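Here is the structure we will look at, set down as structure tokens.
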Amino acid sequence: MSEQLYIIPIVLLLPLTGCMLVLQVNPYHALVIRGIFGAIAALVYVLFGAADVALTEALVGTMLSITLYAVAVRSSLSLRVGAIEDQLKAHTARELLSVLRATFSKHHLRLEIVPYTNLLAMQAALRAKEIHCSYVLSEPGGSPSPPGGGSRYDIQTRVSRLYEIMQAEVPPTKAYLRYIDLANPDKSTEVPIPEAMEGKS
Amino acid sequence: MIDTLSYLCIGVGIFFWFWGTLPLVGDRSVLFKLHSLSVADTLGSMSIVVGLLLKIPREWPLLVLALISLAIWNTVLGYVLAYCSSGGGD
Amino acid sequence: MNWILLATIAALLIPIYEAWQDENIWQTMLAFSSIASKTSIMILIVSVLRDDWTLGVVGVIILSVGNAALMLLAHIIRRTNEL
């Protein structure tokens, strides 16, 4: 009976950290909490005399699986953005990228810039599904320029969910969004141009 | 006599644990917390292990190994965490 | 010896609380490192309490390997923050 005095609170720590792990939304925080859970699980196994299980939990469950999952999460939660090499250094491009970064960090996505030498190569890469979206400086004659006279960007994406997220968050004065449906090109949508701007162009 | 000494060591170690861990809750910077954690926590853990060593001297190879790995690994880990959290010196 | 383990459980609850209220990934990592060393010391205490040699060996291995895993994880998280 006197042994149970310390066994019960230690065992209660296991469901507590389990709930913390399940309720966590950020994948990286969840990984670290999985490590905490593994450490406490090893302690509980030792309390019940299962030394081999505790050792396996610490070596495989905590060390190996967390490292593998960290690599997997890092490489899968990334958004590949194509850009023209010459336009990377511009001030407005950096502004646009910081807006995009702030938008997608809410969804725990990481931006990865893929530079291309010309527009044709980038379009081909978008169609070959090498990148998720691309941005180029708007042509003077193409889409309407914003009222302030600053430069605007054309953003093309092939993922409809990305289009929805960007439509809600990226201000239309900075970029002109376009969704390209690769499966059936007829359904590709464009943002309705605000009327005030349409009059100017 | 030895028994009292070992309990004293373990008590001091647990006091150090609380001392090192309580700053973790506040709103201080990562490096401040890392400092208190690596100094007080490691000293507390080592004092607890010394207390256990006095209690059962028969298991000395194990406990001495624990002491050495605590001293070395926790120091290295403190440096690695500080290096990684401050952006990696670029 | 019971009071020792109860006191260590109380000390273990502080970093768990810290990991629960997430602000910065590095604060969570600090809590993880604290918990990892605390649990392995608790395993050592239990092994001395029960006079069991095997449990002690497991505690020492977890103590040294858990720290190595932490360093690996710290480097991977630093790489993700870089880009």
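The values are calculated or read from the model by the stated rules, or taken from the named source; none is laboratory data. Note that this is a predicted model, so its numbers are computed, not measured. Backbone-built Cβ (ideal geometry, glycine too); neighbour counts: all protein chains shown.
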| task | Go through C:ILE14, C:ILE9 for me and flag whichever is among the β-branched types (Val, Ile, Thr) and crowded, with 19+ Cβ neighbours inside 10 Å. | result | C:ILE14
| query | Looking only at the range B:25-42, which residues are assigned to a helix (DSSP H, G or I) and not small (Gly, Ala, Ser)? | reply | B:VAL25, B:VAL30, B:LEU31, B:PHE32, B:LYS33, B:LEU34, B:HIS35, B:LEU37, B:VAL39, B:ASP41, B:THR42
| field | Hey, C:SER34 at the interface with chain B (Cβ under 9 Å from one of its Cβ atoms), under 21 Å from A:LEU5 (Cα atoms) and either basic (Lys, Arg) or buried (at least 24 other Cβ atoms within 10 Å of the Cβ) (or both) or not | value | no
| note | Among (1) more than 7 Å from every other protein chain (Cβ to nearest Cβ); (2) under 25 Å from A:SER75 (Cβ atoms), C:LEU49 falls short only on (2)
| said: Here is a check on your reading of the model: is A:VAL73 surrounded by 15 or more Cβ atoms within 10 Å (Cβ to Cβ) and assigned to a helix (DSSP H, G or I)? | reply: yes
| field | Of residues in the range B:12-23 being surrounded by fewer than 22 Cβ atoms within 10 Å (Cβ to Cβ) and free of Cβ contacts under 8 Å to residues at least 24 places away in the same chain, the one farthest from C:LEU12 (Cα to Cα) | value | B:PRO23
| request: Would you confirm whether any residue within the range B:8-29 is within 10 Å of another protein chain (Cβ to nearest Cβ) and of a type in the set (Asp, Glu)? | output: yes
| field | Failed item in (1) in contact (Cβ under 8 Å) with a residue 24 or more places away in the chain; (2) within 7 Å of chain C (Cβ to nearest Cβ); (3) crowded, with 20+ Cβ neighbours inside 10 Å, with A:LEU31 passing the rest | value | (2)
| message | Please pick out the residue among A:GLY18, A:GLY82 that is at negative phi and in the same structural domain as A:PHE104 (by TED's automatic domain parsing). | response | A:GLY82
| request: Answer yes or no as to whether A:ALA51 is at the interface with chain C (Cβ under 8 Å from one of its Cβ atoms) and either free of Cβ contacts under 8 Å to residues at least 40 places away in the same chain or acidic (Asp, Glu) (or both). | output: yes
| query | Of all residues in the range C:22-63, which are among the hydroxyl-bearing types (Ser, Thr, Tyr) and within 11 Å of the chain's Cα centre (by Cα)? | reply | C:SER33, C:SER34, C:SER37, C:THR39, C:SER40
| Going by the conditions given, is A:GLU169 in contact with a helix residue (DSSP H, G or I) (Cβ under 9 Å, 6 or more places away or on another chain), among the acidic types (Asp, Glu), at pLDDT 75 or above and surrounded by 13 or more Cβ atoms within 10 Å (Cβ to Cβ)? | yes
| message | From the list C:THR54, C:THR28, exactly one residue is part of a helix (DSSP H, G or I), facing chain A (nearest Cβ under 7 Å), buried (at least 24 other Cβ atoms within 10 Å of the Cβ) and not hydrophobic (A, V, I, L, M, F, W, C). Which is it? | response | C:THR28
| Within the range B:42-85, how many residues turn out to be surrounded by 20 or more Cβ atoms within 10 Å (Cβ to Cβ), in contact with a Ser or Thr (Cβ under 7 Å, 6 or more places away or on another chain) and within 20 Å of B:ILE2 (Cα to Cα)? | 3
